[in-house]
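In what follows, a structure is listed as structure tokens, so that the remarks can point back to it.
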Amino acid sequence: TQGASDTPDIEPNDQATRNIAWSAIDKWGTQALSFLVMLVLARLLGPESFGLVAIASVFTTSVQIFSDQGMTEAIIQRPKIEQHHLNAAFWGNMAWCITLQLLVFIGSNSISRLYGEPRLTGILRSLSIGLVLSALSSTQHSLLRREFRFKSLAIRAIVAKIAGAAVGIGAALLGFGVWSLVAQTLVSGVVGVV
């Protein structure tokens with residue numbers, strides 16, 4: 001039998017292995033699901049739908065780069081976390097992301113005119129909701145990472161992808177066109193928050 005002194009060496013290694021496995025499942029599982037869903041949606045939708053969402057995504061993704069401001073990384077790296085740190089990170093992220101979402105919302109008409117595509121206005125406004133959805137879960141996501149709960153993160157990501165895929169493919173089959181891709185993105189975000 002193993003002595004008590006051997007247990008600490010075995011458990012951390014096992015935990016590290018499990019964390020690496022769940023992290024890989026999270027990364028590769030969501031990528032594989034995204035690829036398969038895009039194959040199906042590419043068959044159901046025309047290139048115009050993907051083009052419109054790609055243009056809108058350039059702007060929403062660019063704005064999302066500025067959404068975090070390093071608060072969530074501070075939660076992971078700080079030696080000791082207290083409730084007021086979490087509150088400051090959550091509400092700071094919320095306020096900043098709502099501001100960015102409003103900027104995208106207001107600027108969507110100008111972007112649509114720039115591209116000569118009036119449908120971009122609604123698409124941009126809808127996709128900008130993702131900024132707020134991201135802020136709603138970023139602090140909790142950081143806490144899970146801090147606590148090495150990669151299994152929870154992987155399950156969350158995969159369930160969100162599956163839900164988004166089901167809605168996106170269902171909407172495409174019903175003839176919603178470009179809005180199928182928008183719905184897929186937003187449903188994934190909402191399920192991720194929940």
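The values are calculated or read from the model by the stated rules, or taken from the named source; none is laboratory data. If you're wondering where the values come from, they're calculated on a predicted model, not measured in any experiment. Positions of Cβ are generated from backbone atoms using ideal geometry, with glycine treated the same way; all protein chains shown enter the neighbour counts. Areas reflect the complete protein model, heavy atoms only, side chains present, ligands, DNA and RNA absent. Shrake-Rupley method; radii C 1.70, N 1.55, O 1.52, S 1.80 Å.
Go through segment 91-102 residue by residue and tally those that are of a type outside the set (S, T, N, Q) and either over 20 Å from the mean Cα position of the chain (by Cα) or open to solvent by less than 40 Å² (accessible area, probe 1.4 Å) (or both).
Looking only at that region, the number is 4.
Does Gln64 fit the bill of being at pLDDT below 85 and not in a helix (DSSP H, G or I)?
No.
Out of Trp28, Trp91, I need the residue that is part of a helix (DSSP H, G or I), modelled with pLDDT of 90 or more and within 27 Å of Leu143 (Cβ to Cβ). Which one?
Trp91
So which residues in segment 159-173 are more than 20 Å from Gly51 (Cα to Cα) and either under 14 Å from the mean Cα position of the chain (by Cα) or outside any helix (DSSP H, G or I) (or both), if there are any at all?
Val159, Ala160, Lys161, Ile162, Ala163
Here's a check for you: in segment 134-157, which residue that is farther than 22 Å from Leu33 by Cα and outside any helix (DSSP H, G or I) is least open to solvent (accessible area, probe 1.4 Å)?
Applying the filter and picking the extreme gives Glu147.
Would you be able to say whether some residue in segment 123-133 is open to solvent by less than 40 Å² (accessible area, probe 1.4 Å), within 30 Å of Ile25 (Cβ to Cβ) and touching a Cys at 6+ places or on another chain (Cβ under 8 Å)?
Yes, the conditions are met somewhere in segment 123-133.
Just to verify a result, which residue in segment 34-45, among those that are touching a residue at least 60 places away in the same chain (Cβ under 8 Å) and over 20 Å from the mean Cα position of the chain (by Cα), is least open to solvent (accessible area, probe 1.4 Å)?
The qualifying residue least open to solvent (accessible area, probe 1.4 Å) is Leu45.
Inspect all residues belonging to segment 78-88 and state whether any of them is among the aliphatic types (A, V, I, L, M), free of Cβ contacts under 8 Å to residues at least 12 places away in the same chain and surrounded by fewer than 16 Cβ atoms within 10 Å (Cβ to Cβ).
No: segment 78-88 contains no residue that is among the aliphatic types (A, V, I, L, M), free of Cβ contacts under 8 Å to residues at least 12 places away in the same chain and surrounded by fewer than 16 Cβ atoms within 10 Å (Cβ to Cβ).
Which is touching a residue at least 24 places away in the same chain (Cβ under 8 Å), over 20 Å from the mean Cα position of the chain (by Cα) and either open to solvent by less than 60 Å² (accessible area, probe 1.4 Å) or closer than 23 Å to Gly164 by Cα (or both), of Ser49, Ser108, Ser23?
None of the other options fit; the residue is Ser49.
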